[in-house]
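Okay, structure first, notes after.
The values are calculated or read from the model by the stated rules, or taken from the named source; none is laboratory data. All values derive from a computational prediction rather than experimental measurement. With ideal geometry, Cβ positions are generated from the backbone for all residues, glycine too; neighbour counts draw on all protein chains shown.
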Protein chains: 4
Amino acid sequence: MLTEIADPGLWPGGADRIAWARRFMPVLGALSEELDLDGWRVGLVLVLEPKTANLALALRDAGAEVIVHCPGRETSDDVAAALAHAGVSVLARSGTTRAEDDDLARRLLDAGLDALVDDGSRVIRLAHAEDRLGPLRGAAEETTSGLRPLRVMAADGTLRVPVLAVNDARCKVLFDNVHGTGQSCVMAALDLSGLELDGLTCVVAGYGHVGQGVARYAAALGAQVVVSEVDPFAALRAHHDGLRVLPLIDACPEADLLFSATGVAGTITAGHLAALKPGAFVAVAGGVEDEVERTPGGRPVRPGVTDHGGWYLLAEGECVNCAAAEGNPIEIMDLSLSLQALAVGHLLGRRLPPGVHLLPDELDERVARLKLDALGVRLDRATDRQRAFLDRGL
Amino acid sequence: MLTEIADPGLWPGGADRIAWARRFMPVLGALSEELDLDGWRVGLVLVLEPKTANLALALRDAGAEVIVHCPGRETSDDVAAALAHAGVSVLARSGTTRAEDDDLARRLLDAGLDALVDDGSRVIRLAHAEDRLGPLRGAAEETTSGLRPLRVMAADGTLRVPVLAVNDARCKVLFDNVHGTGQSCVMAALDLSGLELDGLTCVVAGYGHVGQGVARYAAALGAQVVVSEVDPFAALRAHHDGLRVLPLIDACPEADLLFSATGVAGTITAGHLAALKPGAFVAVAGGVEDEVERTPGGRPVRPGVTDHGGWYLLAEGECVNCAAAEGNPIEIMDLSLSLQALAVGHLLGRRLPPGVHLLPDELDERVARLKLDALGVRLDRATDRQRAFLDRGL
Amino acid sequence: MLTEIADPGLWPGGADRIAWARRFMPVLGALSEELDLDGWRVGLVLVLEPKTANLALALRDAGAEVIVHCPGRETSDDVAAALAHAGVSVLARSGTTRAEDDDLARRLLDAGLDALVDDGSRVIRLAHAEDRLGPLRGAAEETTSGLRPLRVMAADGTLRVPVLAVNDARCKVLFDNVHGTGQSCVMAALDLSGLELDGLTCVVAGYGHVGQGVARYAAALGAQVVVSEVDPFAALRAHHDGLRVLPLIDACPEADLLFSATGVAGTITAGHLAALKPGAFVAVAGGVEDEVERTPGGRPVRPGVTDHGGWYLLAEGECVNCAAAEGNPIEIMDLSLSLQALAVGHLLGRRLPPGVHLLPDELDERVARLKLDALGVRLDRATDRQRAFLDRGL
Amino acid sequence: MLTEIADPGLWPGGADRIAWARRFMPVLGALSEELDLDGWRVGLVLVLEPKTANLALALRDAGAEVIVHCPGRETSDDVAAALAHAGVSVLARSGTTRAEDDDLARRLLDAGLDALVDDGSRVIRLAHAEDRLGPLRGAAEETTSGLRPLRVMAADGTLRVPVLAVNDARCKVLFDNVHGTGQSCVMAALDLSGLELDGLTCVVAGYGHVGQGVARYAAALGAQVVVSEVDPFAALRAHHDGLRVLPLIDACPEADLLFSATGVAGTITAGHLAALKPGAFVAVAGGVEDEVERTPGGRPVRPGVTDHGGWYLLAEGECVNCAAAEGNPIEIMDLSLSLQALAVGHLLGRRLPPGVHLLPDELDERVARLKLDALGVRLDRATDRQRAFLDRGL
C-alpha cells in the first residue's frame, strides 16, 4: 500500500469529524450508491479535511481503488489517518516541504491512475511536464485558476488528456463561488482577526463570483465595501450594486480589511501594501500563489495573523478559508464534491478527446435535483399552456 | 410624410418631458455624436415615452431618416407629437385597435426600411408573414420573449434577415433586467395599489433575471418573498438566496402580491387565481400577452386596478412598469437604448447572414466604458505581473 | 353647517378613493365599533386625503359631530367633497392663502370643540395665542415637530389644555416613522424625479427615526448612503449600520439626492445648496417649514420638480411624501389613525391636567393586538416557568 | 495577595492575547488616563478573557487596587495568569465547581470592596444574602438579566447599595446588544456547527435587542428567519421587518437552528425540543441559566456540540458567544467596558442612595464622543438657525 501519513494513531478523531460532515452531505451519499466504479483506480488531489474525505469514501464505496494526495500545509493529519484506517491509500502528511509534496505527487501518478481529481491543476501539469500521464483517461479540475493554464495548454495543443471543467458547472458557479467561498472567507477573516465588520471599510479587489460573494457578506455584516476592478462590466455591476468603485491604490488608505479576490498573481503589490491604512488586515479569497506580493519579516501575533509593521497578513497570504478554517460550508461542498464524483464516472465511462470539456448538463441537473430533494424543496411543473408557448416560441 | 398621431398640438409638454429625460442619458448623447447613419432609413418600434423618444432623436441626429411606430395602448400622445414636431415620422396614437396597430406596422414596413429596432418581434414576424421585408438589412430585438420565436424561426431556416440579440448584451442583461425591470415593476405595483410591502408576502413566479430583480427589491422593501420555479438551478438559487420555494398553487393562498416574471404565456392560470388569498394583487413583470389567464368581468376601482371579485389585477395584466409607470429608470434605459443605437450602426455597416447574432463584445464594452465615464467611476489597470500571469495562465 | 369646500360635485371620485383606503384599514374599522363618542364635537386638522378621511368617518360612526379642517395646499378637493356629502363638516379647499387657512382654523375653533386632533400643533397654538380654546378638553398631536413647541409651553406653564403625545406611542414610533415615512418619502422622491437609486449617493441629514427609515430604504434600493448628524449616539449608530458619516457641507458635493430628515428649520442652508453636486435633487422628509432655506427663482421643470440652476427642489421643500404622493402607506396609517381615535376617546372620557401626556400603554397595546389579529399573526404565550422567572426577577 | 489561579506559568500567552485586544480598545485606553481611582479597592466579576482583562488593567492604571473573579467555566487560565503576573489579584481558575466559585466570590467580598463590577448580579445578591457588603459604595451591572432581580429587590426595599444600570446606557443598548451580541452569537453558532445559513431556517425566540441582532445577522447570511414573541409590539415589529412570526411550538418543526434570545429561564421547554425538525441545532443568545430546559444524556460529537438524539445543543445551553468564542467583538466591548470604567469612577466619586440608577448621560456621551474620535468620524454642528429653532421649539 502507498500510504504515507503523519500518525496512524490519530484516526479516531478524524473518523468522528468525517462522520459529522457526512450527515450534511446527502447528495454525495445518494450518488455513491448510484455510481459503479468497479475496477478503476482514481487519484484525488484536494485540501484534506472531513468534507473532501467523504468524496474519497464515496468513490471507494462506488467500487474504485482510491489514492488521496494533499500538500502538507493543507493536510489534517487526523483525517488522513482516518482515511488510511478505512482502507484508502493516502499520500499526505503535514509539515512536508514543497519538494516533498512534489515527490508525493509523483508517487500518486506513478501508481497508474485511470482518473484524477485535481486541485489547481498542479498534478496534471506535473504529469505533462514529467511525462507521467500513464493510463490516465482524464481529469476533473474545479478551480478557475487551475483551469486557466490548462486552457492555455489546450489552445497550444499540448494538453494530452480530457479535463472536465467542473468549475463551470452551474451547481458550482452559482453556489460554491458566490455563497460558499464568499461566506467562508469573510467568516474566516473575522475569526482570525477577532474583528467585527460593522462600521469598518472592506476593500475587495476583483468583483467576479468570489468577489461578489465576499462583498455581499461583508456588506451584510455591516461593512462599507469598496471594490476595485479592471473590467468595465464588473465595475459597472459593482456600482449598480450600490458599492463604491475605486482604483486599488486609492482604496487602500481606507481599508480596515483588504481581500484579494481575483485569483490572479500580483494583485496586491508592495505599493498597495505601503498605501494601506495603519492596522489594516489583508486576506486572500482567491486561489493562487502570490496574489499578495511576498513581504519578508512578518512577526506572528496570534494564530493565522502576521504583523508586517503597520498591517497584518492573514493565513500567510494563502486562501484564508482553506488555510484558516475548514474550507467551504458543508452543504455547498456537498454540491461541488458530488459534481466531482459524477465527473469521475463520466470520464471513466467513455473516451473523450483531449481538451477542456464542460460537464454535461444532465449531470449538473442531476446534482441540483438531488439537492432539492434533500432539502424538501418542491419544483413546480410547467403548465400545458406554458409548454406549448415555449415549444413554438410564442 | 408618414406621420399619424393623435394631436399635434400636444407637442410642448412632450418636448419638455423628452428634454428632461435627455439630461440623464449621457451615453446615448455621446454615441449620437459618434455614429454616422447618413442616408439610411430606420424604423423604431418601442413603447413611446420620453426615454425611447431620445433614441429616435439620437438616430436622427446621427443622420438617419427615422420612422417611429408604437401600438396605441403604449403611446404617450404628447411624446408622439413632440417627435413629429421635431421632424421625425411617427405612426402612433393612443386608442387604436389591434387591427389599426397592425395597419400602422404595415405602413412602417412599406416605407422601405434599411434597419428595424423591434420590440417583442411583432413587426419582424409580421414582415415575414406578409412578405414585407423590403430592403431590410437587419433588425435589433431587445426582449427575451421577442427573441424566442425568432430563434425558433432561425432553427427552422425561415428567418430571412440577421437579428441582433441586444437582449443578450452584458450591459442589458446585468442592469436592465435585474435592476431596471425589477425595481420599476415593484415601484409601479406599489404605486398603483397604494400598498407598502413591509410584512406582506410577495410571490414571484419565475426566478430568472427579472424575477430575481423583483424578488430582490420586494425583499429590500420588507416583503416576505416566495418563489415558484420549474427549473432546478433557479429553484436552488432562490433557496440559497434565503427565499422560500413552493409550487405556485401552494404559494397562492399566502400571496398579498403575485408577480408573474416568466415571460411565458399561461403562467398564472384560472386555478391559481382561484387559490389566491382574498384581496391579493396580481401583476405581470414579464413581457408577453396572456401570462395571466384572461378573466372577464373585472371592475375598475382605481387607475390601473381592476377588481375581479376577490383579487385585483394591476395594469390589466400588461407589463406593469410599461403600462402603469414610465417604464424602466432613465439611467438603465440609457444603457439599453445605447446598445440599440450601436446595433443599428452595426447592421447598416455590414452584410450579416440571416440568423440571431450576438452584439459584438466591443460595442457592449464601449457602452460600459462610456457609462463609467459619465458616472465618474474609475477603472483600475492590471499590473504587469497580473497581465503576465493572465497571458501564460499561471 | 360650517362646510366650506371647493366643489361639492367632486364627491363621487373622493368617495371611491375613501372606500378603497378603508378596506386596508381594519384596525380603525374595528375601533369605530367600540368607541362611543355620542354628543361630543371633535375637530380634526390633518392632510386631507382618503386615509385621513377615514378617521373622520370612524369618529362620526362612533357618534361624534366631526369638523375637518385642512390648509389648502394639502387638501384633495374630491375627498373634501365626499366627506361633506357624507355629512361631515369640512373647512378645506385647495388654493387658499395662508391668511385664509388661518381664518378657516378660527372658524373651526369657534365652533366650540370638545376635542381636537391637530397636525403640527398649528391650531392649538393659534387657539392659545388668540384665546379661542373654548370648551376644549384636550388635544392629540402626532408629529415630533408639533410636540416640540407644546413641550416648551408646558415647561413655561402656558399650555392650558392636556395634549396627548400620540407621536410617542410605540405603534407610532416603531412603524409610522421608520417604515411609513421612510418608505413613502423615498418612493415619492423617486417618483417625482424619475431616478432610480442604484449606484447613486443619497445624503441624509438627521438619523432619527425618519432618517433611519429613509437611509434603510435608500440603501435597500441600491444607493450609497451618507449620513450627517449633530448627535454623537446617532452618528455612532449610523456608523455601526455601515453608513458613512460626514458633516453635511462635506457630504453635499457627493449628493445625487439630499434628504433633510431632522424636523428642524434651517437644516439645509444656502451654503449647503451651493456645495451640492451639479444636478442634485433636494427633498424634505421631516415636517417643518424652512428645513431647506428658501431660495427664490426656481423654474418648474416637471410636476413637483423645480430647477434652481444646478440643483432641483422636490415638492417645493414641503414634506415630500405628503405633498407629492398620498402620504404614508395605508397599513401604517391604520395604526396611527387608530391611535388618534383612541386618544380622542381617552381625552373625552376624563379630565386630564394641562400638559403633554403619553398615551396610556393599554391603548397602545390595544392597537397592536388588533393589528396582529387583522394580519393573522399569532402571539406566543409565556410558559409558567417564564412567568415565574419574570415575577421573581430570576 | 489573594490570587488563586490554575497555572501562573501560562502568563506569556495570556499577555500576548491581552495586548492584541488592547490595540482595538482606544476608548478604554483614553479613559484610563483620565480616571483617578487612587486608594480605592475595586472588584471585577466578568467572563475572564483578553478584552475584559483590559478593564482590569485600565482600572489598575487609574490607581485602583483591583481584584478579579470569574467562575471556572468562563475563565481563560492564560489570561488569569497574565493578570496575576501584571500585579492584579485574581480569583479564577478553570475547572471549579459551583460551590468553589461561590467560595471564591466570598473571598472577593471579604477583601472589603469599595466598588464592584458584577455580571449577572450573582455576587451582589450573594453579598446581600450573606451580609457581606462591607464598605461597598455601589456596584455596576451590565446585563438585562442581572438587573431584573435587583429591580425587584429595589422595589421591595431590600437593595442596600446603589447599582448603576450600565446595561441601559445608550452606548450599551444600541451597539453591544444589537450588533455585538447578535453578530457574535450567530458567528459562534456557525463556527461550532460548521453550518452555513444560506437556505436554512433560523427560529429566534424573543425579538428584543439581542433577538433583533440575531435575526438581522442570520437573515443577512441568507437564512429564512422565523420569530416567536409574547409581546405584541415586538411581534408587530418583527412582522414589519419582513419576518414570519409564529408561536414557538409551531416554528420548531421548521427550525434548522433555534436561538433562545429572551434572557428568561424556561423559554425552550421539553415540548419545544420534542417538536424540533430532526437534526436541528439549539443555541442560547441570552444570558440566564435554564433558558433551554435541561435534558440529560447528551453525547458530545464535536467541540461545543452535544447530540441529544435528534437535535444538537450548542455550548451546553450556555450563552453561545461567551462559552464558545471570545465573546463580543473587540470594538463593541471597548464601548461597554469603557462605560463600566466610568461607572466605577462615578460610584466612588459620590454617595448615591440605594437603588438602581441610570448612568448619567454625560458619561454615556463621553464614551460615544471618544469612540467617534477614535474612528475618525466627524460630527456636524447645528447651525444658528437650528439652535434657535430648537430653543423656542419652532
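Things worth noting here:
- Taking the range D:288-301 as the range and being surrounded by fewer than 23 Cβ atoms within 10 Å (Cβ to Cβ) and touching a strand residue (DSSP E or B) at 6+ places or on another chain (Cβ under 7 Å) as the test, the residues that pass are D:GLU293, D:GLY298, D:ARG299, D:PRO300, D:VAL301.
The rows are residues; the columns are (1) hydrophobic (A, V, I, L, M, F, W, C); (2) in contact with a helix residue (DSSP H, G or I) (Cβ under 8 Å, 6 or more places away or on another chain); (3) in the same structural domain as D:ALA189 (by TED's automatic domain parsing).
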| position | (1), (2), (3) |
| --- | --- |
| D:GLY266 | no, yes, yes |
| D:VAL282 | yes, yes, yes |
| D:ALA285 | yes, yes, yes |
| D:GLU291 | no, yes, yes |
| D:THR295 | no, yes, yes |
| D:TRP311 | yes, yes, yes |
| D:GLY317 | no, no, yes |
| D:VAL320 | yes, yes, yes |
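- Tallying residues that are within 14 Å of another protein chain (Cβ to nearest Cβ) and not in a helix (DSSP H, G or I) within the range B:1-53 yields 4.
- Scan of the range B:185-212 for residues that are in contact with a Gly (Cβ under 7 Å, 6 or more places away or on another chain), over 18 Å from B:ALA251 (Cβ atoms) and touching a residue at least 40 places away in the same chain (Cβ under 8 Å), ordered by number: B:LEU192
- So B:GLY304, is it in contact with a strand residue (DSSP E or B) (Cβ under 7 Å, 6 or more places away or on another chain) and surrounded by 23 or more Cβ atoms within 10 Å (Cβ to Cβ): no
- Only one entry in A:ALA139, A:ALA188 is within 23 Å of A:VAL305 (Cβ to Cβ) and either crowded, with 20+ Cβ neighbours inside 10 Å or hydrophobic (A, V, I, L, M, F, W, C) (or both), namely A:ALA188.
To keep it simple, each residue is scored yes or no on (1) more than 11 Å from chain A (Cβ to nearest Cβ); (2) over 22 Å from B:ALA238 (Cβ atoms); (3) at pLDDT below 90.
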residue: D:ASN167; (1), (2), (3): yes, yes, yes
residue: D:VAL173; (1), (2), (3): yes, yes, yes
residue: D:SER184; (1), (2), (3): no, yes, yes
residue: D:LEU195; (1), (2), (3): no, no, yes
residue: D:ASP198; (1), (2), (3): no, no, yes
residue: D:CYS202; (1), (2), (3): yes, no, no
residue: D:TYR207; (1), (2), (3): yes, yes, no
residue: D:VAL214; (1), (2), (3): yes, yes, no
residue: D:VAL230; (1), (2), (3): yes, yes, no
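- Conditions (1) touching a Phe, Trp or Tyr at 6+ places or on another chain (Cβ under 7 Å); (2) under 23 Å from D:ARG148 (Cα atoms); (3) free of Cβ contacts under 8 Å to residues at least 40 places away in the same chain; number of the one not met by D:ALA285: (3)
- Counting only helices (runs of 4 or more DSSP H) that fall entirely inside the range D:307-394 and contain at least 3 residues that are free of Cβ contacts under 8 Å to residues at least 40 places away in the same chain, the qualifying elements are D:361-375, D:384-392.
- Residue within the range A:264-283 that is closer than 26 Å to B:ALA368 by Cβ, in a strand (DSSP E or B), of a type in the set (S, T, N, Q) and under 22 Å from the mean Cα position of the chain (by Cα) present: no
- Residue match in the range B:145-165 (condition: among the polar types (S, T, N, Q), under 22 Å from B:VAL42 (Cβ atoms) and at pLDDT below 95): no
- Residues within the range B:222-265 that are farther than 20 Å from D:ALA218 by Cβ and among the charged types (D, E, K, R), tallied: 5
- Enumeration of residues in the range B:360-370 that are within 13 Å of chain A (Cβ to nearest Cβ) and out of contact with any Pro (no Cβ under 8 Å at 6 or more places or on another chain): B:ASP361, B:GLU362, B:LEU363, B:ASP364, B:ARG366, B:VAL367
- D:LEU243 being away from chain A (no Cβ under 14 Å) and either free of Cβ contacts under 8 Å to residues at least 40 places away in the same chain or touching a helix residue (DSSP H, G or I) at 6+ places or on another chain (Cβ under 7 Å) (or both): yes
- Test for C:ASP384: is it surrounded by fewer than 16 Cβ atoms within 10 Å (Cβ to Cβ) and more than 7 Å from chain D (Cβ to nearest Cβ): yes
- D:LYS172, sole failed condition from (1) over 14 Å from the mean Cα position of the chain (by Cα); (2) crowded, with 19+ Cβ neighbours inside 10 Å; (3) among the basic types (Lys, Arg): (1)
- Looking across the range D:244-268, just one residue is crowded, with 23+ Cβ neighbours inside 10 Å and closer than 15 Å to B:GLY199 by Cα, and that is D:VAL245.
- Scanning the range A:354-368 finds no residues that are surrounded by fewer than 17 Cβ atoms within 10 Å (Cβ to Cβ), touching a His at 6+ places or on another chain (Cβ under 9 Å) and not assigned by TED's automatic domain parsing to the domain that holds A:TRP20.
- Candidates in the range D:143-168 are the residues that are of a type in the set (Val, Ile, Thr) and within 20 Å of the chain's Cα centre (by Cα); of these, the one that is surrounded by the most Cβ atoms within 10 Å (Cβ to Cβ) is D:VAL166.
- All positions within the range A:198-211 that are touching a helix residue (DSSP H, G or I) at 6+ places or on another chain (Cβ under 6 Å) and more than 24 Å from D:GLY213 (Cα to Cα): A:VAL203, A:VAL204, A:ALA205, A:TYR207, A:HIS209, A:VAL210
- Filter pass, B:ASP380 being in the same structural domain as B:PHE24 (by TED's automatic domain parsing), at pLDDT below 95, closer than 27 Å to A:ASP241 by Cβ and charged (D, E, K, R): no
- For beta carbons closer than 9 Å, sequence separation of 6+ or different chains, a first residue in the range A:142-158 that is more than 8 Å from every other protein chain (Cβ to nearest Cβ) and a second that is hydroxyl-bearing (Ser, Thr, Tyr), the qualifying pairs are A:GLU142/A:SER336; A:THR143/A:SER121; A:GLY146/A:SER121; A:LEU147/A:SER121.
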